[in-house]
Each structure stands twice: as C-alpha cells, then as structure tokens.
Amino acid sequence: MVTYPDELPRGSDGRPLAGVEHLLAAFAAIADDLGLDTVLERVIAAACQLVDARYGALGVIGGDRRLSHFITVGLEEDEIRRIGPLPTGHGVLGLLITEPRPVRLSDLREHPLAYGFPAHHPQMTSFLGVPIRIHGRVFGNLYLTEKNGGADFSDADEQLVVSLASAAGVAIENSRLFDEATRRTRWLEGGLNAVRELLGRQGRDRDDLEILSTHALTASQSIMSAVLREFGTERDVICEAADGIDVEVMIGRQSHSSTLPERLPTSLAPILLDEDDVAVVLPGAGRSIGAALCCRLPGEGDRRFLLVGRPPGASVFSDVDHEMMRTFASHVSLALELVRVHRQQEQEAVFGDRDRIARDLHDLVIQRLFAAGLSIQSLRKYTPNTDALGRITAITTELDATIKELRDTIYSLRSVPQITPTFTSTVFALVADAFDGHELAPVLQLSGPLDTAVDGEQADHVRAVLLEGLSNALRHAEARAITVTMRAAGDRLVLEIADDGRGFEGSSRRSGLENMKRRAELCGGSLSITSTLGGGTTVRLEIPLPATATTGSPIAR
C-alpha cells in the first residue's frame, strides 16, 4: 500500500482525487516549491497518486546517458538497503533513454530487456514509463509499477501521466533555473566575503589562504576545501591550507605520483576529479571525497590550486559550479595580489626610510662628527698641558670609532635587498631543498599570519633553527616521518620539528644545539628539545612577535 504525502490533496474519503481534478491538484502541488529536490519528489509522488501505482521512481539522465539520480516512492528504507545499488539505466529502464516515448506493459518481467532484478527486489508486473522533456530535451523518466488492485495501466492512465510529465518539465526547468541562480549567488557572495576579509581585516589571526579555503568551502557547499601548491623539484604538490573534514590529516602532506600532472588542471578552467583522482592529489583525504572540483589560482610565482570536494553520493558539480568557481578563483586571486602588492609597498617604504636614514647619517651626521674631530684636534696648539692633550687624543679616538660604527650601520642599511620573497615561500623552499634526494616526505603545517608577523633578522633566526633541526633529523634520527609545524598566534610564534626516530639520551655534538639556543635567545625566546630512546625527538622554538604583527593595516574598509 502506497503512502501519500500530506502536501498533495485528497478527496473527502481520503483517497486521491481522480481524473482531471486530481491532475490539476498534482499540477498545483509540484509548482508549490522551487527547490529542485522537492519538486522531483513531488512529481513522482503525484504520478503514483494519479494512476494509483504502488511503486514509482523518477530517473534523472546524466551527461553520460545514464541515470545520475534515482528517486523512489513506495519502498521503505530497509527495502532500499536490501536491494543494493540504485539502477543506472539498463534493461527496460534504459529503453526510455534510448527510445524516449511512453512504454506500457502488462507484465514487466516478460519484456525481452527485463533482466538483472536484485534478489530482494519486490515483485513488479504492470509497468508504465513516460519521459519528461524540457525544451525538447529528455530530462528524465517517470517509472510506475504495480497498479493497485492488480489491473493493468490504461490508456487514460498513460495520457494523465504524459500530461503530468509536461507540467513537471516546466516545474523542473523553473526549479533548475532557481537552483542555478542560487548557486551563482552563493559563489558570488563567497568570493565577495573572501575579498572583503582579505583586504579589510584588522586582525592577524588567520593566514590569507586559510581565509580563502574557508569561504570556498561555504560557497561550493562542499565538505572539504584545500589550497595546494607546487613543492620540490619534481613539481609535486603539498596541501598548504584546508577547511572542512579531515583537515588535520591533509594539511602539510605532500602528494607524489607519476600520474599527478595529468590529474591537475593546466589552464584556469576547473576540472572534475573522481574518487581515485582525489586519493592521488590529496592522500590524506582517503575515500571520504567522492568527487572534487579543482582549478588553478591565477598569479605569479609558485603555482597553486584550489580544490573543493563532496562526499560519495552527493549532488554532482554542475556547469554553474564550474563557471562560478573560475570566477571565485579570479576574484580571490586578485585580492591576494593586491595584498601582496600592498605588503611590497610597505616593505619598499621601510627600505626607502632606510636609504633616507643612511643618506642623512652619511651626509650630515658623519660630516659633522668629522668636523668636530678636526676642531678638537686643532686645540692642541693652544695648550701645552699633558693631561689636556691626552684628553684631546681620547676624544678624537672615540669620534673615529663612532664614525666607523656609523659607516658600518650605513652599509648594513643599504645592503638589504629591495624585493624579498615572503617568509612562507622561503620556508617551503627550505624544506623542499632539505628533503631533496630523500625518500622520506615531509609534513609541513603552517598556520596564522606568518608573512606579516615574521621578517628581518627574526625570520633569519627561525629559518636557521628550522634548517638545523631538519638536518639533524634527516642525518641521525632514522625516522619514518618528520613533521614541521609553525604557527603564529597572538603575540607568539611556535616552531616544532618532530620525528618518530630512534631518539637519544645525550648528544656528543653540542655545537648545533648551542647555535639553535643562541638564535632563540637573540629573538628573546626559548628552545627546548625532548627526546626518548625509540620514541623520537621534538625540537620546539617559541619566540615573541613584534607588537605590530598583531594588528594589520587594511587596504580597504
């Protein structure tokens, strides 16, 4: 016995309204909601009521001429589970795909194409199939079986369902257009929100790419988003930022495969990745992602890719998703470029101040000190006193030393390069070089506003500690995994280099350790090393960040 939804009208006796009256009621019901999934469910429910069928289904035809969606009415959840995978369009169901016209059968089982019924499939005899057309193109098919009472579907039943299918085509098209408009709006709003946060944010609690991945996750209605970047000499990729499920196991993991280049987009147009592709591109994702959309992020420097994924069985990425993801990537890439240019301008302003200070020191301060020294030396001819002459010599010697120190300062001010790569770029390059030639793949996890928080001598010291820690782990630890974690949070930067190697209780080589501790002290921080035999080693560096790193200077408000 079929259960009829409360949304569809029934007569005073509780039975479905008959004939034209019921057909008009069905038209009203399927046009009452613009949600595509809801419309599809109401269409098949209305069709079952219209011809008093026990079972019904609506199959949506995908781009490969197979059934991409299959919605059923009349089957309980446990029955659906026992039947197993939903049909994809073989046998009689596929007949309406190859020959899209109504099909009416007295006994479905006697048709030449009737085969492949699963073991727990309920008995179905009478059958009525009608295609649903939209602008002359077949969108899907209505399948109705087992007319209550054991009778066959009549010619009148067929005409009613054909009429319903015509109205359903209009409702489905309206729902599809509404769904496309909703998707476009969501992508545009996600891109706008990402740009607004990138350009106008005051806080420095998140990295730019973390912001990008968060908004991409929402805009695409996915369960996972990730930003990948090329890594190493063999053009592998590493997950630089991610949001959604399995973030902890994906961030910082390197993908290395001979088939990797052919699975990534070579142009700015997004490409669709299946479950096997995702397993190669994002090893940490496992099989939790059934399909993903991946596009290149425009821009100079290291190539980056944006990837969003949905679980197995979720709605497929539509043409609108392909189009809008490219628009989203273009907008956020432009914002990232503006942020980069803004930071470069700030850097150039600092270097300009350095040059101005250096010129002033050279042209004004040194010349005045030199003149003062000459004036003091000229006093020798006015005094024969030995103590006074000794005092004059001491002062001129001190002035000469001061002038020398000023010249060294001027040289250091002018020796700073005008254009420098970002801190995170240098960290990725350093780790890639350190692991080059090793079979061991690193796990590199960076978080927080590192590029704005760390620079100058402080950045040099952090990189030196990182290089020394990696070198020791690669040469002596005999590790199977090395994880580098660096995060800027609040007013502190924490760097950890952890391996699962053999560990140690004491070390005869103290020079490297002392160098790392000395660099930590120069930054006003601390360095600790914990190690146990057979339990691995962890090097932890913690340093304070400048006060200016906690507050950003927004480009736009």
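Every number here is computed from the coordinates shown, using simple stated rules; none is lab data. Because the structure is predicted, anything quoted here is derived from the model rather than measured. Cβ coordinates were reconstructed from backbone atoms using ideal geometry, including for glycine residues, and neighbour counts include every protein chain displayed.
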Shape call, the stretch 423-550: gyration tensor on alpha carbons, a/c limit 1.5 = prolate
The stretch 208-317: C-alpha gyration tensor shape, a/c 1.5 cut-off, then a/b vs b/c | rounded
Kindly rank 173-186, 442-455 from highest to lowest mean number of other beta carbons found within 10 Å of each residue.
-> 442-455, 173-186
Quick one: which residues, 5+ away or cross-chain, put their amide H under 5 Å from the amide H of Gly140? H built at 1.01 Å from N.
-> Ile61, Ile132
If you count, for each residue, the other Cβ atoms within 10 Å and average over each peptide, how do 133-146, 245-258 line up from highest to lowest?
-> 133-146, 245-258
Of Ala453, Leu474, Gly490, farthest towards positive along the dipole that unit charges on Lys, Arg, Asp, Glu beta carbons give the stretch 423-550 = Leu474
Cβ crowding within 10 Å averaged over residues, with 222-229, 323-330 ranked highest first | 222-229, 323-330
Would you please give the residues with an amide H less than 5 Å from that of Ser126, counting only those at least 5 places away or on a separate chain, with H modeled from the backbone geometry?
-> Leu108, Glu146, Lys147
By the Cα gyration tensor axes a ≥ b ≥ c (a/c under 1.5 gives rounded; else a/b larger than b/c gives prolate, otherwise oblate), the shape of the stretch 256-332 is oblate
